[in-house]
Every structure is written in structure tokens, then in C-alpha cells.
Amino acid sequence: MTARGKSVRGRPERERGHAALVLLLGLLALWLTILSLVHFNASWSDDAWGYLRLPLFGEPEFGATVMFEPPDNLNSPVPYLKTVRGLPGASVAVDADGTVQIDGTAVGRAKPNALDGRRLAPVASGTVPAGHYFLHADHPDSHDSRYAEIGLVPRERILGRAVALPDIPWLGLDGPFVGPDGMAAEPGPENDLREEGR
């Protein structure tokens, strides 16, 4: 066989090898992109191990579960996960005991102190301004818009819609990674303190 015959025969094999490499690199890029949208749950008050962040086109709707960047001064290493409970134009009222109402419906109580003992001020009464949202979770210790340091969240800080990922017990992905004391959660009914929200 001539050298020219060998080179013609080798060309399709090289092209298949290049195509396989491109496909492999494409799949790797897709996997890394999906992985970058997965957020691991660092809160014991929520029962999912992680959430997938999806794009949010337009404005968030009432009841949507969203991820947002908390204020910079809180130095949070992770985004917060909350539910939209107040849209622009909603009325926010805080009673003397710290009960927060949105359009006349009580959504929770602002506690005077955080779990670490620091003082907390409730959000100011008023109207949710345009481009802002009252974000809330049902857990009584949730750090959310009930408190002035979170406040009414601007749309630009909302990262996207959050979808809970299913448990995968054989990979150890079953419920939150931390317990109420901040230590790794132990499986078992005695540590089943998981509630909605953070």
C-alpha cells in the first residue's frame, strides 16, 4: 500500500477522534455549567440537600421560591433561599410585638435577637417600592425581609428561581448537610428538625 493510501485511510479515523474529543469537551462544559447552578443547602431549617438555580425572566411572582444575594455587609458565603410574599405596592406593617403583616395578613414575627444573640431591628412599616420584594420563609428563625438588615430586596439581587433537588440517599444527598448547631446533620428521626425556609 502506498503512503498516500495510508494517509487517506487514517484521515477518517482522526476526524472521528476529533469529533469524539469535541463531544467529550462539550459534555464536560455542559456538566460544569449545570453544576455551577447547583447550590448546596447550608441551612438546617430546610429539608432539601440542594437547589437548582434557574433563570428568572421578568419579575418574580407571588409565591415563587427564589435565591438572592443578601446584603454585602452580612458577608454570607451563600445566597439565601426565600419565597416571594410581598410584591411592589404591597403594604408592610409591624405590630408592637414584632408581628409582620403583608396586606393585612400576618406572615411571621420579627424577633428582637438573632440566634447568635445580636440585636435585630424589624423592617420598617410602609409600602414595598417598585423593583423590590418582601422575601420570607415560614421558619420562625428565618433571616428574611422581616428584619431591617435584609429589608425589601431589590430585583437586581434576585439570582433566579430555585427548584429543590430530589434526595439521592446512595450518594449521601438526603436532607440538609448541617444541623441546628451548625454541625453536620446526623440521619435519624431525633434530628428531623427540618422545616420550610431558612
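The values are calculated or read from the model by the stated rules, or taken from the named source; none is laboratory data. Since we're looking at a predicted model, the values are computed, not measured. Reconstructed Cβ throughout: ideal geometry from the backbone, glycine too, with neighbour counts over all protein chains shown. We work out accessible area using only protein heavy atoms, side chains counted, and drop any ligands, DNA or RNA first. Shrake-Rupley method; radii C 1.70, N 1.55, O 1.52, S 1.80 Å.
Check whether at least one residue in the stretch 159-166 is modelled with pLDDT of 95 or more, in a loop (DSSP other than H, G, I, E, B) and not hydroxyl-bearing (S, T, Y), and report yes or no. No, the stretch 159-166 has no match at all.
Yes/no per residue for (1) in a loop (DSSP other than H, G, I, E, B); (2) open to solvent by 10 Å² or more (accessible area, probe 1.4 Å); (3) aliphatic (A, V, I, L, M); (4) under 18 Å from E61 (Cα atoms):
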| residue | (1), (2), (3), (4) |
| --- | --- |
| R85 | no, yes, no, yes |
| G89 | yes, yes, no, yes |
| A93 | no, yes, yes, no |
| A106 | no, yes, yes, no |
| K111 | yes, yes, no, no |
| P129 | yes, yes, no, yes |
| L135 | no, no, yes, yes |
| D138 | yes, yes, no, yes |
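If I filter the stretch 51-58 for residues that are of a type outside the set (G, A, S) and at pLDDT 90 or above, do I get at least one hit? Quick ask: steps written out before the conclusion?
Taking the stretch 51-58 first, the residues of a type outside the set (G, A, S) are 51-57.
If we keep only those that are at pLDDT 90 or above as well, we get none.
The answer is no, given that none of the residues of the stretch 51-58 is of a type outside the set (G, A, S) and at pLDDT 90 or above.
Of all residues in the stretch 95-122, those that are more than 13 Å from R146 (Cα to Cα) have Cβ atoms under 7 Å from Cβ atoms of residues that are surrounded by 13 or more Cβ atoms within 10 Å (Cβ to Cβ), 6 or more apart or on another chain, in D103/A90; D103/S91; L115/D141. Looking at this structure, is L81 modelled with pLDDT under 95, surrounded by 19 or more Cβ atoms within 10 Å (Cβ to Cβ) and among the hydrophobic types (A, V, I, L, M, F, W, C)? Taking the combined requirement at face value, the residue satisfies it.
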